[in-house]
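Please read the structure below before turning to the comments.
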Amino acid sequence: MHLVRLIYVSTMTEACDTSALQRILDVSHIKNSARKITGMLCYDPSFFLQCLEGPQEAVNELYGDIIKDVRHKHVTLLEYVTVDEREFGAWSMAFAHSSNIDKHTFEKYTRGARFDPFALNSEQAKDFLVEVAHHGSRLMTRQR
Ligand code: FAD
């Protein structure tokens, strides 16, 4: 079974209040661990940017559920590739609210403009999430 990495960006909807978001975080931790899926979810009231990595079939199945979820819309695939190793192997799903990401990281990917994850290409999206996960931003981590 191939290991794949999938990255998408989407827009949060009004259906996603604080308790709905908490439910996503809780469900992700439980279900991703069971499916050997790891990754990173970065969010704020206007967007989600998520990387899922794991066995191809499990990632495909989860993405099929995620794109139907009414708590977000405009789900846009940025990357879907076969990989040899994981970038987020320590986390069933690492979470970061945009307000907890350091300014330097944002500026690197925006060059001073407003952060717009829809404008990132696949490489920038992956590098951004890796940087957020590994370099000092405050994460609501859920270790595997
Ligand atoms: P529940 O969480 O109970 O949901 C059942 C159904 O009800 C789902 O179809 C859901 O769309 C809907 N629903 C649940 N709560 C609400 C609400 N408050 N308002 C409106 N509709 C609701 N799941 C994972 O397992 N792993 C992930 O990494 C993951 N990442 C996600 C990232 C984002 C941005 C979003 C929006 C969702 C994510 N989910 C993730 C949730 C996923 O879409 C499914 O809801 C979940 O996998 C199904 O879990 P469940 O069967 O326990 O259902």
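Just one residue in the set S92, S46, S99 is within 13 Å of the ligand (Cβ to nearest atom), at pLDDT below 95 and over 13 Å from the mean Cα position of the chain (by Cα); that residue is S46. Residues that are touching an Asp or Glu at 6+ places or on another chain (Cβ under 6 Å) and either free of Cβ contacts under 8 Å to residues at least 12 places away in the same chain or assigned to a helix (DSSP H, G or I) (or both) within region 73-127 comprise S98, T105, S122, listed in sequence order. So which residues in region 64-78 are buried (at least 17 other Cβ atoms within 10 Å of the Cβ) and either at positive phi or more than 9 Å from the ligand (Cβ to nearest atom) (or both)? Passing the criteria: only L78. For region 18-52, the tally of residues that are under 15 Å from T76 (Cβ atoms) and in contact with a Pro (Cβ under 7 Å, 6 or more places away or on another chain) stands at 2. In region 84-97, which residues are among the hydrophobic types (A, V, I, L, M, F, W, C) and open to solvent by 20 Å² or more (accessible area, probe 1.4 Å)? Selection gives A90, W91.
When region 6-29 is filtered for residues that are more than 9 Å from the ligand (Cβ to nearest atom) and without any contact (Cβ under 8 Å) to a residue 12 or more places away in the chain, the ones remaining, listed by number, are E14, T18, Q22.
Among the numbered conditions (1) open to solvent by 60 Å² or more (accessible area, probe 1.4 Å); (2) at pLDDT 85 or above; (3) among the basic types (K, R), the only one that K126 does not meet is (1).
The values are calculated or read from the model by the stated rules, or taken from the named source; none is laboratory data. For clarity, every value in this text was computed on a predicted model and none was experimentally measured. Note that we place each Cβ from the backbone using ideal geometry, even for glycine, and neighbour counts take in every protein chain shown. The protein model used for the area step is the full one, side chains on, heavy atoms only, and it has no ligands, DNA or RNA in it. Shrake-Rupley method; radii C 1.70, N 1.55, O 1.52, S 1.80 Å.
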